[in-house]
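Worksheet: one structure, shown below.
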Amino acid sequence: MSTRCANCGVESELDEAFEAGNQFGHPYCPSCILKTRGEDVTAVKWVFPIALVISVAGIWFNPEDDTGWAILNTLLFYVFGYASLIIHEAGHAIMGKALGLRVTNVQLGFGRTFMMVKAMDVRWEFKMIPFGGFARYIPIDLPWFRTKDFLTSFGGPLANLLVAWIMSWPIQAGAEFTKPVFGELHLWHVFLGTNLFSGLWNLIPYVSGNQPTDGMLMLRAPFIRDEQIKKLRLIRWQMECDLSLEEGEFDKALQQVEEGRKLAPDDPELASRKARALLGAQRFDEARSEALGVYEIESLSLEARARSSNTVAEANLQLDDEKLVHEAGFHSNHVMRIIPWDPEAKTVRAHLLIRKDEVDEAIPLLHSALEEESEPRPRAMMHCLLALAAHKKSDQSAYQAELSNARAAQPDHFMIAKVEKPAT
């Protein structure tokens with residue numbers, strides 16, 4: 001049995017991946033759920049310029065009326081919300097590192113990544129939509145982890161409340177720079193308010209969707225079981241490996257897999273990551289063998305087996321053997337029955353179609369994958385395949401454009417050299 005997405009019509013055997021996507025409760029695939037949320041955000045974004053025009057018009061025509069200033073200060077509250085979010089997540093990161101936890105990455109907002117930096121040995125991702133975020137941390141040593149988890153969860157609200165408290169001092173002293181500017185624009189007060197709101201709101205213990213607030217995490221911290229803490233040590237190496245894979249540090253990822261295997265030698269999640277690291281390191285035979293081993297573990301979830309199957313398919317295509325290309329088709333078919341919305345699955349499927357000279361079917365898949373993928377390395381692969389498709393269609397201008405896009409996304413991607421060969 002399979003479930004069909006009510007929006008795009010894609011079918012999958014992975015029923016649990018679907019969510020109610022409209023007011024009628026019809027099932028939507030993960031890709032359509034993200035697009036729907038993006039459309040909701042796009043609709044909300046129009047509120048800001050409209051409200052800005054209304055507030056400025058109100059102030060211009062009737063500066064004595066407080067309505068325009070009230071709207072403008074409300075908009076300012078949302079603008080300063082991003083700065084408060086940075087302070088909040090930095091509070092988590094600083095507290096976690098001070099307590100000896102491994103803080104791997106911090107995400108600010110959601111949606112497409114527009115900037116990514118590494119500071120304090122932490123990866124900071126800035127998203128297009130400045131609402132919500134998280135700091136991911138894991139234990140290095142087990143003692144006192146419950147206390148450390150409690151304090152790290154408290155670190156975000158504490159940072160906001162400290163900033164709000166410090167900002168209240170000049171107000172109480174009547175400092176000139178805290179007074180309204182350009183009429184009744186309360187910059188200082190609004191920034192204080194966003195920090196106060198962020199600090200207090202996140203202390204309320206509740207769960208929104210699958211995301212618990214800091215207050216809920218603090219309530220849960222004393223009740224974390226010993227076996228959960230031990231499992232977190234293994235998860236640490238899985239997460240470290242994921243970050244290395246995203247950054248293209250494949251040798252480092254392989255070392256992290258070996259560290260994790262000291263704790264759990266037969267962990268299939270580590271084996272799956274090792275296969276992906278070997279694939280990135282261009283050790284395709286080893287990647288294929290490792291991924292096949294994971295695929296054959298029938299007790300694994302459908303999604304985990306599908307992702308390993310996808311690695312097998314890509315390794316086979318890179319090995320450039322006709323028999324293995326046929327096997328790649330079998331694995332790609334399996335993947336597309338389980339996770340047809342996944343950008344990596346679409347990329348491998350497109351690679352197979354290009355190999356079979358079915359270029360016109362491959363190009364829409366790659367464009368769809370590009371819309372959903374924000375990481376530079378997989379985007380470089382997609383552009384390389386689009387360049388290869390353009391070469392097969394004898395479209396030299398598109399070939400050069402896509403090759404330039406690939407270099408811009410990830411200059412050292414191994415596929416660039418392969419795609420350049422047809423032109424030489």
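The values are calculated or read from the model by the stated rules, or taken from the named source; none is laboratory data. What you see is a predicted model, and the numbers here were worked out from it, not measured in a lab. Note: ideal-geometry Cβ built from the backbone for every residue, glycine included; neighbour counts use all protein chains shown.
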Determine, yes or no, whether LEU365 is closer than 23 Å to MET116 by Cβ, in contact with a Lys or Arg (Cβ under 9 Å, 6 or more places away or on another chain) and either free of Cβ contacts under 8 Å to residues at least 12 places away in the same chain or of a type outside the set (Ser, Thr, Tyr) (or both). no
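For SER394, indicate whether it is outside the structural domain of HIS331 (by TED's automatic domain parsing), under 26 Å from GLU125 (Cα atoms) and of a type in the set (S, T, N, Q).
In short, no.
This table checks each residue for (1) crowded, with 17+ Cβ neighbours inside 10 Å; (2) more than 28 Å from PRO376 (Cβ to Cβ); (3) in contact (Cβ under 8 Å) with a residue 24 or more places away in the chain.
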site	(1), (2), (3)
GLY58	yes, yes, no
ASP65	no, yes, no
TYR78	no, yes, yes
ILE94	yes, no, yes
VAL106	yes, no, yes
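Just the residues that are acidic (Asp, Glu) and in a loop (DSSP other than H, G, I, E, B), please, taken from the stretch 199-247. Let's see the steps before the verdict.
Applying the first criterion (acidic (Asp, Glu)) to the stretch 199-247 yields 214, 226-227, 240, 242, 246-247.
Selection gives GLU247 alone.
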On the basis of being under 21 Å from ARG102 (Cα atoms) and within 22 Å of the chain's Cα centre (by Cα), does ARG225 make the cut? no
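How about the stretch 301-357: which helices (runs of 4 or more DSSP H) wholly inside it have at least 2 residues that are hydrophobic (A, V, I, L, M, F, W, C) and under 15 Å from MET381 (Cβ atoms)? I'd like the intermediate steps shown before the answer.
Values: elements: 302-319, 322-338, 343-355.
Helices (runs of 4 or more DSSP H) meeting the threshold: 302-319, 343-355.
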The stretch 261-300, subset part of a helix (DSSP H, G or I) and of a type in the set (Ser, Thr, Tyr), residue nearest to ARG355 (Cα to Cα): SER289
Return the total of residues in the stretch 211-230 being crowded, with 16+ Cβ neighbours inside 10 Å and of a type in the set (D, E, K, R). 1
What is the number of the single condition among (1) part of a helix (DSSP H, G or I); (2) touching a Lys or Arg at 6+ places or on another chain (Cβ under 7 Å); (3) modelled with pLDDT under 95 that SER374 does not meet? (1)
Residue check, LEU353 against (1) at pLDDT 95 or above; (2) touching a His at 6+ places or on another chain (Cβ under 9 Å), all met but one. Which one? (2)
